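A.B. asks: The structure's right below; bear with me while I get my questions together.
The values are calculated or read from the model by the stated rules, or taken from the named source; none is laboratory data. Predicted model, so just to flag it, every value in this text is computed and none were measured. Every residue, glycine among them, receives a Cβ derived from its backbone with ideal geometry; neighbour counts consider all protein chains shown. Each accessible area value is taken on the protein alone, full model and side chains, heavy atoms only, with ligands, DNA and RNA left out. Shrake-Rupley method; radii C 1.70, N 1.55, O 1.52, S 1.80 Å.
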Amino acid sequence: MGMLFKAVKPRYWWKLLHRWIGLTLGTILILVAITGTLLTVLRPLDEWIHADLFKVMPETGFASRPSGAGTSAIDTDVLEQVRQRLRSEFGSQTSLRLRPAQQADDSIRAAVHGSWNGVIFYDPHTATELGRRNDHWTLVNFLFELHSTLLLGEAGKTILAIASLAYLLLLISGLVLWWPIRWHHAWSVKLRAGTTRALFDLHRVGGSLFGILIAISVVSGIYMAWRPLSATVTALSGASVMTAPRLSIAATIQHATMHPASLDLQVSNAHTALPAGQVTLVQLPASPNQPIRVRVKLTDDPHPIGLSSVWLHPVTAKVLAVQRWDQLDPGIRAFAVMYPLHIGDLGGVLHTYLVAILGIALATFGGSGIWLWWRRRVKSKTAS
C-alpha cells in the first residue's frame, strides 16, 4: 500500500495543482487571450473603418521634403501649430505625445493626458483637426486597457504578472500529466469516443503542442506590462539603468520666462542627431523641468516605433542626450524584441496570424479545462 501511495502521489499533486490553478486564475488568462486576439483583428479594422481620422489625401508638400529626411512627411511648422492649439485648449500642465505622419496619407495623432484623456487627429499639411476620441469611448482602447491592466491600473499589472506565473505552472504541470508511458498514444485524439473524451484529448494534445509558443506570448506580454522585470534583468546584468537627462534649476526658470523653440526645430535637430532614422514619436512632458523626448526608429531596430531617443532642451532645442536602442541597458533593450514578439510584428503577416491563433488556443484550453472539470462534477453527483 505504501508503494502504491508513493507511485500515485506525485501525479495526484500535479493534477491537483493543474486543476486549481486553472479554475482560479484560468479565467484571467482566458480574458487576456480573448482581448489580445480581438485587438490583433480590431486595430487594423478600426483604422480601415475610420479612415477619415487616420488617413488624409496626399499633397505636394509631403513629397517636397528632402530625400531621406526621415522626420516624417509634414509641412513646415505644422507640428508647432498642433502644439500651440493643444496647449491653448488643455494648458501647459498636460502631457502630450505626438505621432507625426509616417506615410504620405497618414494623419498626425496627438495623445493627450491631463484634464482630458484621448487622441486628436490632425491634417499633416494644414494642422486642421480631423476628429478626436476620448480614451473611454472606443472599443479598441477599452479592450487594450482590459488586456493590459484589467481596468485596475498598476494593481491590474501585478495581477497579470501573477496570472502569467500561474500559466507557466499550468504548462509544466500539464506537460507532466501529458507525458506518455507509451509514445504511440501521445498524440492520440479520439473524436468519436464522445464529446468529453474528444475535448479531453484536444485539451491534452493541443496544450502540449502549443503550450510553449503560448508561454512566449504570455511572458513577453507581462515583461512589457510589469516594469520590475526589466529592472531586474538590468540589475542581474550588472549594468546601470539609463535615465533621461535632467534640466538644471536655471534651465527651468529659463523655460518659464522664454518662448520655447518651435517643435519642428526640435524634430529637425533630433533628425540631425540620428540622421539614419525616422522620427516616430514626440513626447512633451507636463512638467517644465523635463526635456522633450523624440523617439526615432533606426533601420536595424526591430521595435515598430523604435527605442532610440533624442532628448532636447525645451527652450533652446539643444540636444541633451542621444540614446541608441542598441546601447540601452539590457532590461530596456529587450523591449525591442518583446513588443513586436507579443503583438505579432516581428515576422510579418504570418506572425500576426500566429499570435491571433495562439490567443484563440489559450482561451480554448482554458474554457475546455473548466468545462471538463464541470462535466466530471456533474457525472460524480449523478453517480452518487
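A.B. asks: Quick one: which of 282-291, 39-48, 306-315 comes out on top by average Cβ neighbours within 10 Å, and what's the full order, highest first? Mind showing how you got there, number by number?
C.D. replies: On the way: 282-291: 18.3, 39-48: 14.5, 306-315: 23.0.
So the order, starting with the most tightly packed, is 306-315, 282-291, 39-48.
A.B. asks: Suppose we take every Cα in the range 106-238 and form the convex hull; what volume per residue is that in Å³? Could the numbers behind the result be given before it?
C.D. replies: Details: hull volume 29.8 nm³, N = 133.
It is 224 Å³ per residue.
A.B. asks: Could you tell me the relative contact order of the chain? Use alpha-carbon pairs under 8 Å, at least six residues apart, and round to a whole percent.
C.D. replies: 20
A.B. asks: Scattering from the C-alpha atoms of the chain alone, worked out with Debye: what is log10 I(q)/I(0) at q = 0.06 1/Å?
C.D. replies: -0.32
A.B. asks: Can you send over the carbon and sulfur percentage of the accessible area for the chain, probe radius 1.4 Å, protein chains only?
C.D. replies: Ligands and nucleic acids excluded, carbon and sulfur reach 65 percent.
A.B. asks: Using alpha carbons only, how many angstrom separate the centre of the range 95-123 from the centre of the range 190-235?
C.D. replies: The distance from the Cα centre of the range 95-123 to that of the range 190-235 comes to 35 Å.
A.B. asks: Okay, moving on. Can you tally the net charge around residue 285? Count Lys and Arg as +1, Asp and Glu as -1, for every other residue whose Cβ sits under 12 Å from the Cβ of residue 285.
C.D. replies: Taking every other residue near residue 285 into account, the sum is +3.
A.B. asks: Among the chymotrypsin sites (Phe, Trp or Tyr not before Pro) in the range 118-203, which ones are in a DSSP loop with at most 13 other Cβ atoms within 10 Å of the Cβ? Mind listing them? Display every interim value, and only then the final one.
C.D. replies: Numbers: sites: 121, 122, 137, 142, 144, 167, 178, 183, 187, 200; in loops: 137, 187.
The qualifying sites are 137, 187.
A.B. asks: Rounded to the nearest 10 Å², what accessible area does residue 109 show when all protein chains are kept and the probe is 1.4 Å?
C.D. replies: Counting only protein heavy atoms, residue 109 exposes about 60 Å² to solvent.
A.B. asks: Further, regarding this structure: Could you give the dipole magnitude of the range 179-307 about its Cα centre, charging the beta-carbon of Lys and Arg +1 and that of Asp and Glu -1, in debye to the nearest 20?
C.D. replies: Dipole of the range 179-307, to the nearest 20 debye: 700 debye.
A.B. asks: What accessible area per residue, rounded to a whole number of Å², is obtained for the chain using a probe radius of 1.4 Å?
C.D. replies: Per-residue accessible area for the chain comes out at 54 Å².
A.B. asks: When the Cα atoms of the range 302-366 are enclosed in a convex hull and the volume is divided per residue, what value in Å³ results?
C.D. replies: 116
A.B. asks: Which sequence of 108, 332 reflects their accessible areas, 1.4 Å probe, from the largest down?
C.D. replies: Solvent-accessible surface, decreasing: 332, 108.
A.B. asks: Which trypsin sites (Lys or Arg not before Pro) from the range 193-298 combine a DSSP loop assignment with at most 16 other Cβ atoms within 10 Å?
C.D. replies: 246
A.B. asks: May I pose another question? Distance check, please: which entries in 157/379; 157/297; 190/381 exceed 29 angstrom between their Cα atoms?
C.D. replies: With Cα atoms farther than 29 Å apart: 157/379.
A.B. asks: Let me ask something else. Sort 88, 380, 368, 262 from largest to smallest accessible area, using a 1.4 Å probe on the heavy atoms of the protein chains.
C.D. replies: I get 88, 380, 262, 368, largest accessible area first.
A.B. asks: Placing unit charges on C-beta atoms (Lys and Arg positive, Asp and Glu negative, everything else neutral), compute the dipole magnitude of the chain about its Cα centre in debye, rounded to 20.
C.D. replies: 2620
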